[in-house]
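The values are calculated or read from the model by the stated rules, or taken from the named source; none is laboratory data. Note that the structure is a prediction, hence the values are computed from the model and not measured. Every residue, glycine among them, receives a Cβ derived from its backbone with ideal geometry; neighbour counts consider all protein chains shown. The area values use the complete protein model at the heavy-atom level, side chains included, leaving out ligands, DNA and RNA. Shrake-Rupley method; radii C 1.70, N 1.55, O 1.52, S 1.80 Å.
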Amino acid sequence: MYLSSEWKQEIFTAHGGAATNTGSAEGQVALFTKRIAHLTGHLKKNKKDFATQLSLQKLVGKRRALLAYLYKKDIQRYRAIIKALELRDIIK
């Protein structure tokens, strides 16, 4: 099920290092990416759902800010998460 605690623990274990490490930037980026994918699928079916569209834009902004933080703080971690999640390199 979407957003269940087991689902979140799997994401944080895979990308954050441990299931309890919910504050890591990599884990947060991975969680935002999964949520963005879910909301994008919803918006493909419901084109006029403007509340979901706004929340999707906010999530994309949060993910971008976290990726910018990772880029400034540790470029190796940034490159690793970009490669693991197959995201485009947005920081030039």
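Each residue of region 34-43 is assigned a 3J(HN,Hα), and the resulting list reads 5, 5, 4, 4, 5, 5, 5, x, 5, 6 Hz, derived from the Karplus form 6.51 cos²θ - 1.76 cosθ + 1.60 (θ = phi - 60°), x at Gly and Pro. Using the Cβ-Cβ distance between Lys72 and Asn21 with R0 = 25 Å, the FRET efficiency computed as 1/(1 + (r/R0)^6) comes to roughly 0.75. Among the listed pairs Lys8/Lys83; Lys48/Lys72; Lys45/Lys73; Lys8/Lys44; Lys62/Lys83, a Cα-Cα separation exceeding 29 Å is found for Lys48/Lys72; Lys45/Lys73.
Could you state the accessible area per residue of the chain in Å², with a 1.4 Å probe and every protein chain left in place? That works out to 69 Å² for each residue.
What FRET efficiency do you get for Ala80 and Ser4 if R0 is 22 Å and r is their Cβ-Cβ distance, rounded to the nearest 0.05?
Numbers: r = 26 Å, r/R0 = 1.20.
Calculated transfer efficiency: 0.25.
Of the heavy-atom accessible surface of the chain (probe 1.4 angstrom), what whole percent is carbon and sulfur?
Carbon-and-sulfur percentage of accessible area, whole number: 54.
Only protein heavy atoms count here; on that basis, with a 1.4 Å probe, Leu54 has an accessible area of about 90 Å². Using only alpha-carbon positions in region 1-81, the gyration tensor eigenvalues give semi-axes of 24, 17, 8 Å once each is multiplied by 5 and square-rooted (largest first).
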